[in-house]
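The values are calculated or read from the model by the stated rules, or taken from the named source; none is laboratory data. Because the structure is a prediction, the values reported are computed rather than measured. Virtual Cβ from ideal backbone geometry, glycine too; neighbours counted across all protein chains shown.
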Amino acid sequence: MPSELEKEFEKHPGSGDFFFSLSKSAKKMILTWIALAKRPQTRENRIKEVAELAAQRLKPKQFR
């Protein structure tokens, strides 16, 4: 679990709870998607997207 993602979860209430309620395979796919970002800016954008959508109880659109 990237520390940046944990910090982003703290900014969005309920996002961490939703993320950890996902299946193991869903969490693994999302974390892999974040890790495969080539540019730091892309990684940062993906982390923000995951946390913001998790706060709305949604997964990123490619994982729905």
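Values for this structure:
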quantity: Within the range 1-35, tally of residues that are farther than 14 Å from LYS59 by Cα and not in a helix (DSSP H, G or I); calculated: 4
quantity: Residue check for LYS38: surrounded by 12 or more Cβ atoms within 10 Å (Cβ to Cβ) and either in contact with a helix residue (DSSP H, G or I) (Cβ under 9 Å, 6 or more places away or on another chain) or outside any helix (DSSP H, G or I) (or both); calculated: no
quantity: Whichever residue in the range 41-64 is assigned to a loop (DSSP other than H, G, I, E, B) and either of a type outside the set (S, T, N, Q) or touching a helix residue (DSSP H, G or I) at 6+ places or on another chain (Cβ under 7 Å) (or both) and, among such residues, is farthest from MET1 (Cα to Cα); calculated: ARG64
quantity: Members of the range 14-29 found to be closer than 13 Å to GLU52 by Cβ and surrounded by 15 or more Cβ atoms within 10 Å (Cβ to Cβ), listed by number; calculated: SER15, GLY16, PHE18, PHE19
quantity: Inter-residue pairs, beta-carbon under 6 Å, first within 16 Å of ALA35 (Cα to Cα) and in the range 1-14, second modelled with pLDDT of 95 or more, 6+ apart; calculated: GLU4/ILE47; LEU5/ILE47; GLU8/ILE47; GLU8/ALA51
